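Note sheet for the following structure.
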Amino acid sequence: MTEAKQPWTQPMPERQFNLMRDILAAPSPVGLEGAMTFGVLKPYFEGFAPKDWHVHQFKGHAGVVLDTHPGRDDLFSVMIIGHADKIRMQVRSIGDDGKIWINSDSFLPMTLVGHEVKLFSEDPKQPGSYRVIEGGTVEALGAIHFAENALRTGEKGIKKEQLYVELQIHGENKKQQVENLGVRPGDSIILNRPIRKGFSPDTFYGAYLDNGLGCFVTAEVARLVAEAGGTNNIRVMFAMATYEEIGRLGSRVFAGELEPDAIIGVDVNHDYVAAPGIGDRRMQPLEMGKGFTLAVGAIASEQLNRVVESAANAHNIPLQRDVCGADTGTDGMAGVLASVDCAATSIGFPIRNMHTISETGHTGDLLAAVHVIHRTVEALDAMPDAHKAFRENHPRLDQAGALAHQGSEKPDSKKKKGK
């Protein structure tokens, strides 16, 4: 495949973009992920999966796992995990003036003000039946005219306790009007912002790229594996987890139940180059549009990373190393959190403005992640004995060779001289 025709260097096909948009549009706040997993992803799986593949479903949550070799516990197994849950707001209480006071969860309070939301309310008379209210916005201060000077100048910020949903309630018995809708404390609220193509080439923006994008990438890897005829020597489990935003609990259940030998967490990452105000922190220069990211550190397996990086190098797929310290911050941690012996790593894609209504991504980074994971699966499937390879080939730093000074010439300058 020539570089000009590599998928990650081309605009994402419209069919793929629409699938991505459908996945991201599914209303799946924490604890209510079925809209994404059962409404979009499971039907997509069923459209291409061979008959002998199986979709696992679970009692405690709405996660799903597409399994290439159900019951084949003898095979080396790889679990690829995206998470379907979205951060959400919740109704805290209802005021006498009709204000719906809310919790902001994992959002910065100031990023929410003025944005449209959807409020999902369970019918008190029919538990299990949900209704949606649209047309509300998140507010905190009302007009600037009522704000103290410190708020006007930016010296003072908005507190999470000040946030409420404005439903334009007026007239008599304002609180009763809201209660008559069946709105109750605990009801879930999500941002109402569809995914749109961005101004710059191959970009897009909207709410909840975290982490419908991981589910999209995982689903597309599953399709490519199916179209290639599946795997012969390894079992692959394409997992759509839940509860990541409250502690990576759903993927921990997956790992505990299915005991994979390797885990690849797939999740959004940060564009540190574009992030405002962090230059003095000297973060690694991850950047949107420069390829997928690969976790280094924490529980990330150097053996598994070796396979991923070799696959990227062999197919010219752009890779960025992500320094993750003590914790990958993703479902890549699922195995160790579930006390399951497995090699694990995390693959991501830098986005901007995470946990806001205007998260921004690059389709090339997603396609790079899709294809490197697919090539990694192929490489693992080609191993004569993956179980043995991972047990016996841990890096030995005591066997490291000496490295001498390499001079000051840049590698590309040597290539130019050789022309």
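Every read-out reported here was derived from the displayed coordinates using simple, explicitly stated rules and does not represent laboratory data. Since we're looking at a predicted model, the values are computed, not measured. So basically every Cβ, Gly included, is an ideal-geometry build from the backbone, and we count neighbours across all protein chains shown.
Annotations for the structure displayed:
- Spacing of the modelled spin labels on residue 153 and residue 379, each 7 Å from Cα toward Cβ, amounts to 5.7 nm.
- The value of relative contact order for the chain, using C-alpha pairs under 8 Å at least six residues apart, is 21 percent.
- Helix runs (DSSP H) in the chain reaching 18 Å along axis by Cα, Kyte-Doolittle at least -1.0: 209-227, 363-381
- Charge dipole of region 89-191 (Cα centre as origin; +1 on each Lys and Arg Cβ, -1 on each Asp and Glu Cβ, all else neutral): 120 debye, rounded to the nearest 20.
- Applied to region 294-299, the Karplus parametrisation 6.51 cos²θ - 1.76 cosθ + 1.60 on θ = phi - 60° returns per-residue 3J(HN,Hα) values of 10, 5, 10, x, 6, 8 Hz, with x for Gly and Pro.
- Remark: relative contact order (region 89-191) = 43 percent; criterion is Cα-Cα distance under 8 angstrom and separation of 6 or more residues.
- Backbone HN-Hα couplings from phi across region 171-186 [Karplus 6.51/-1.76/1.60, Hz, Gly and Pro as x]: x, 7, 6, 4, 4, 5, 4, 6, 5, 5, 6, x, 5, 9, x, x
- GNM remark for the chain: springs join alpha carbons under 10 Å apart, and the peak mean-square fluctuation among 70, 201, 318 falls on 201.
- The amide H of residue 328, built 1.01 Å from its N in the peptide plane, has 299 as neighbours under 5 Å, considering only residues 5 or more places off or on other chains.
- Coupling constants for region 73-79 follow from the phi torsions by the Karplus curve (6.51 cos²θ - 1.76 cosθ + 1.60, θ = phi - 60°), and in residue order they are 5, 6, 7, 5, 10, 10, 10 Hz; glycine and proline get x.
- When each of the peptides 7-18, 369-380, 107-118 is scored by the mean number of other C-beta atoms lying within 10 Å of its residues, the order from highest to lowest reads 369-380, 107-118, 7-18.
- For region 89-191, diffusion coefficient by Stokes-Einstein and Kirkwood Rh (Cα), 20 °C, 1.002 mPa s, µm²/s: 150 µm²/s
- Point-charge dipole on Cβ atoms (K/R +1, D/E -1) for the chain, about Cα centre, debye to 20: 980 debye
- In a fully extended conformation the segment linking residue 321 and residue 408 would gain 29.0 nm over its present Cα-Cα distance, using 0.36 nm per residue.
- Calculated [θ] (222 nm, deg cm²/dmol) that DSSP helices of n ≥ 4 give over the chain, each run adding -39,500 (n - 2.57): -7500 deg cm²/dmol
- Annotation for residue 337 and residue 144: the two label points, set 7 Å from Cα along the Cα-Cβ direction, are 4.3 nm apart.
- Taking 0.36 nm per residue of separation and subtracting the Cα-Cα distance, full extension of the segment from residue 93 to residue 180 would add 29.9 nm.
- With a Cα cut-off of under 27 Å and a minimum spacing of 8 residues unless on different chains, the lysine pairs in region 89-191 number 17.
- Under-5 Å amide H pairs with residue 64, H placed in peptide plane, nonlocal only: 240
- Distance between region 221-237 and region 57-117 - C-alpha centres, whole angstrom: 27 Å
- Taking amide H atoms as placed 1.01 Å from N in the peptide plane, the amide H of residue 77 lies under 5 Å from those of 235, 261, 262, each 5 or more residues away in sequence or on another chain.
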